[in-house]
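Working notes for the structure below.
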Amino acid sequence: MSSNSAANLTLCRRAAVLLLAVLLLCCTTVYAEQNVPESTTVVASLAADDSSRNGSGIFGAERWSPYMCGMGIGILCWLIFLLADRPLGISTAYAKTAGMLEKRYRPRQVEQKAYYQKFPPEIDWECFLVIGVIVGAFLSAQLSDSFQTDFLPETWITHAGSTLLLRWITAFAGGIIMGIGARWAGGCTSGHGISGTLQLAVSSWVVVTAMFAGGIITAFAIM
């Protein structure tokens, strides 16, 4: 088989898998919207009334079923492996952004770093994934009429007071710690928690176990 024929065959296979993934996602969404009760799937509401649905249809729901979201993320992983041949991850985009900023002032030092030799600091699909998360969250909040500017959540005020500066400092410090942890562990909640676990990587299951343990301990500590 010639190289052109092999390339065309690979392209056809990828197109077929892409079409199947999109079709499956559409069917899943339509089925959930028309056949599954709101209280158990589309709007996983804890209340008996309809207060969590401010808009109309599935895109007007404040909360979606975690099962539906899980299926959607799984299909997204298919597409990323198919089109980019890379696992789903988001924390690498922040490291690359830092590298691009540093490269403007210290290009030689950046090029000499082993990390940036393996992951060049340039704009790629992961950067657009970060943008998509922000835009998608905004559109979801708008469609469900739940968008609001809240710099001090009630839980924060109850446990830490109403000082806005403290909130910003804590959030900034927490972001730094999370970034260091993600780079140290070689992945974040998406890289390990989604892409790694679906590939049955032992390291990812260890990381996810530690994530859940840390989250549970922290939740009990602040309650």
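Just so it is clear, none of the values below were taken in a lab; they were calculated from the coordinates. Just so it is clear, the structure is predicted and the values come from calculations on it, not from any experiment.
Overview of results
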| quantity | calculated |
| --- | --- |
| Hull-based mean projected area of the range 70-147, where the convex hull spans the alpha carbons, in square nanometres | 6.6 nm² |
| Euclidean distance between Cα centres, the range 173-207 to the range 136-172, Å | 25 Å |
